[in-house]
Each structure stands twice: as C-alpha cells, then as structure tokens.
Amino acid sequence: MAFDWIGFFEHFGIPYVTSGPNVAEGNVYIQCPFCGGSDPSQHMGVHLERGMWGCWRDRKHSGRKPDGLLLAILGSRSDVARAKERFLSSSFVPLAKREERREGKESLRLPEAFLPIKAFDPKSGRFSRYLRRRGFYPVSAFADNYDLRYCHYGSQAWRIIIPAWESGRLIGWTGRAIGNRYPRYKDSGPELKETLLNHDSALLGGRVLVVVEGPFDCLWVDWVGREFGVRAVGLFGKSVSSGQASLLFRLKRRFEKVVLLLDADARSASLEASRDYEALGLKVAFLPKGVGDPAELSITQVMGLADGIEPFFNGSKGV
Ligand SMILES: [Zn+2]
C-alpha cells in the first residue's frame, strides 16, 4: 500500500514541485511543514513509491511512514486517520502518468477540500459571518458570483478561497484568513501575479474599470459598483507584472476609463512606479482622507467612481 501523496497535495491545494534543478527522480517537494515559514522554498522531499520523506534543511524532519508528515501538515490525529483512509491506495500511479493526465487538462481544478460558502449551511457559518461583517450581502449570492470557497483543514484551513479565472481557465487562488492567521493572504503560487482577479467579469466591460491591490478591495468595489457600471480587477500586490499589463491593455478598450486606485500606504511606492501606469494609460487615483483601502469605501463613494470621481483625484498625480 502506497500513500497517494500527489492526490493528497492536490486535494488540499498544497503547492508541490516534481521537476527542477534539485529534484531527484521519483520525488516530490513541498515546503517543509516543520520548518514552516523559515523554509523559503520546497525543501521537504517525499519519495512517491517508497514513501520516505525528509527535509534538506534539517535531518530531524524525516521519516519512513506517512503519519509524521501528515500530522505536521494537518495538525490533528483524526485528520491524519481520515487522510490515510482516503489516500492509502493499492494502485500506485507513477509520476509520469500523473503528468500526462495533468497536461491534458485545460486549467487547474479547485481542490475538493474547498467547499462552496452557503449562507444557511452551518459548516460555512463562520465564513458567511465574516463576509456579512465586511458588508457583503446577500452572502450566498455574493459568494456564488465570485465562486468563493471555504476550507476547514489543510494548508488553507480557516481561509476564504478566492479563485482567479482567466478566459475560463482557473489560474490559481488565494486564501484570506478569517481570523488572525499569518499571512493574511496565502497564494496558490507565483502564477497568480501574472493574472488579474475578476478578469472574466471585467471582460463584460462597463463605464469605469478600477484596478486595486488587494483581493477583498477588488471584490468590494466590483460587488457594489457593478450596478453603476463600475467593475474592478485585483493585482494581488502593489505592482503590475508584465502579464497583468497585457491583460489590462486588452481590457482598456471595454471601458470609458481605467483608474488605478491605490491604498493609502502604497502611495509613495506607487508614485515611483507610476510611469509604468502612464504607459498603460491608467489614471492614478488616491483614496479619500481617512479611508485606508478600497474595501472601506462607502457605496456612495464607489458610485462616485462612475460619475465625477472628484474626491478621489484630490492630491493625485493624475495622467
Ligand atoms: Zn524542515
């Protein structure tokens, strides 16, 4: 009986690598759960067929049976038992076969551990309460619209999963902690920075496209603004990557105006970079005084984006 590690990693959306300069044949690598945040990349190797596992950074992080590693990832013995029940299989699938299967696919799939958020489902209660508290209403319609998910265990435990679709393909996702977990957002991988959150809705066009930094800023401005022709896309950070720039360039034609709305704290950093935005033909706007990020804007202020946008351009560099 071999433990189906790849199936397990995929089920929980745990990033893994199967090829690269330091990857030995027949192994997969993940971030070492014992080293945690101090493992800057994937140093935990697992031999798929023989099952032994070990960390390159610390020899004590190793074992021969899946249990120790599973416990470090899942955090509870009952979850380990459940995982073993599901992923211990007598039919071992060699890595090459896996790769073939995966290449046939058009896009990623959302891991099965990510479940839809429903307002009246008690299992997603903490998640819908979080959304309601942030002003998203009605919760089921909102979560449905952006295909938001929740997760109870694994590496995205107690996070709201926000998937990023581009032309119908799932590129990746980020998990927003609903408690005080660090980091606030946990991305599926670097490919996320090459796409725009909410890209496919923005393809529908409108009056104003608002480009924002954070995923929840994007969801808020888009959800309350879309009735007024305001749509939003998210950058997953404070810079515009080349992939994002070319997507924005194509989206521009579908709107009367494109505005880059920056967080108050990003002000200086973005001013430096604003020449890139000029090249893209984006107007740079700043939030009104006292508003920390776009998710704190009132509905009236979002409506204002579609109309005069007067308050937003106070003190702006503009283009
Ligand atoms: Zn380690």
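No value in this document is a laboratory result; all are computed from the given coordinates. It should be emphasised that the depicted structure is a prediction, and the values quoted were computed from it without experimental measurement. Note: ideal-geometry Cβ built from the backbone for every residue, glycine included; neighbour counts use all protein chains shown.
The residues of region 1-17 that are in contact with a Phe, Trp or Tyr (Cβ under 8 Å, 6 or more places away or on another chain), more than 12 Å from residue 155 (Cβ to Cβ) and not in a strand (DSSP E or B), listed by number, are 4, 5, 6, 7. Counting only strands (runs of 3 or more DSSP E) that fall entirely inside region 185-235 and contain at least 1 residues that are touching a Lys or Arg at 6+ places or on another chain (Cβ under 8 Å) and under 13 Å from residue 260 (Cα atoms), the qualifying elements are 206-212, 230-234.
Filtering region 34-57 to residues that are in a strand (DSSP E or B), touching a residue at least 12 places away in the same chain (Cβ under 8 Å) and either in contact with a helix residue (DSSP H, G or I) (Cβ under 9 Å, 6 or more places away or on another chain) or more than 6 Å from the ligand (Cβ to nearest atom) (or both) leaves 44, 45, 46, 47, 53.
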